[in-house]
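Q: One structure is given below, represented as structure tokens, and several questions about it will come after.
Here, each number is a calculation from the coordinates, and none is a lab measurement. Since the structure is predicted, the reported quantities are computational estimates derived from the model, not experimental observations. Because the Cβ atoms are built from the backbone with ideal geometry, glycine has one as well, and the counts that use them run over all protein chains shown.
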């Protein structure tokens, strides 16, 4: 398993990420996670959509809570040809309860707790903590990675503006209908 350092820190301390270093232009790796109903979900489930994929250590922590709520608000302004996914190692039951309490309607929360499939395929599994780092990937409708942001300090929020500008540029000419519910699609 490939190990990478000097990508991100947790509370000022460097951490080791497991998995490959993906680059813009790479084909997005497949993965299998589960939604809040424990249904398996893969990249193919979002075929033809532009995907903003956010990874967080745990949605039930202050910075992760803020991030998911912010993307939920922003997603309301995005076209249906785009989906916002948040992936963590939280159990699906905890994600479902958190979404209900937070009023999350547009972000789909997914859990990588079973196999760490996403974390290892996208190189965001933290070796020392066994959590996912804070990162964002934009994957276009053809499943090519068009943007990657590894937040340098996991306890800080991402650069929302950079993500949203890039995502909106990706979808200007591609309108595909869809809906959004926490955990559903």
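Q: Only one of these is surrounded by fewer than 17 Cβ atoms within 10 Å (Cβ to Cβ), over 21 Å from residue 154 (Cα atoms) and touching a helix residue (DSSP H, G or I) at 6+ places or on another chain (Cβ under 8 Å): 35, 30, 80. Name it.
A: When all the criteria are applied, what remains is 30.
Q: Go through region 85-105 residue by residue and tally those that are outside any strand (DSSP E or B), closer than 15 Å to residue 64 by Cβ and in contact (Cβ under 8 Å) with a residue 24 or more places away in the chain.
A: Of the residues in that region, 8 qualify.
Q: Taking residue 56, is it surrounded by 18 or more Cβ atoms within 10 Å (Cβ to Cβ), under 18 Å from residue 152 (Cα atoms) and in contact with a helix residue (DSSP H, G or I) (Cβ under 7 Å, 6 or more places away or on another chain)?
A: In short, yes.
Q: Here is a further query. I'd like to know if region 1-18 contains one or more residues that are surrounded by fewer than 17 Cβ atoms within 10 Å (Cβ to Cβ) and under 18 Å from residue 108 (Cβ atoms).
A: No.
Q: Hey, another quick one. Considering only residues that are in contact with a helix residue (DSSP H, G or I) (Cβ under 9 Å, 6 or more places away or on another chain) and crowded, with 20+ Cβ neighbours inside 10 Å, look in region 38-53 and name the one that is nearest to residue 150 (Cα to Cα).
A: Ranking the candidates gives 53 first.
Q: Residue 63 - would you say it is in a helix (DSSP H, G or I), at negative phi and surrounded by fewer than 21 Cβ atoms within 10 Å (Cβ to Cβ)?
A: yes
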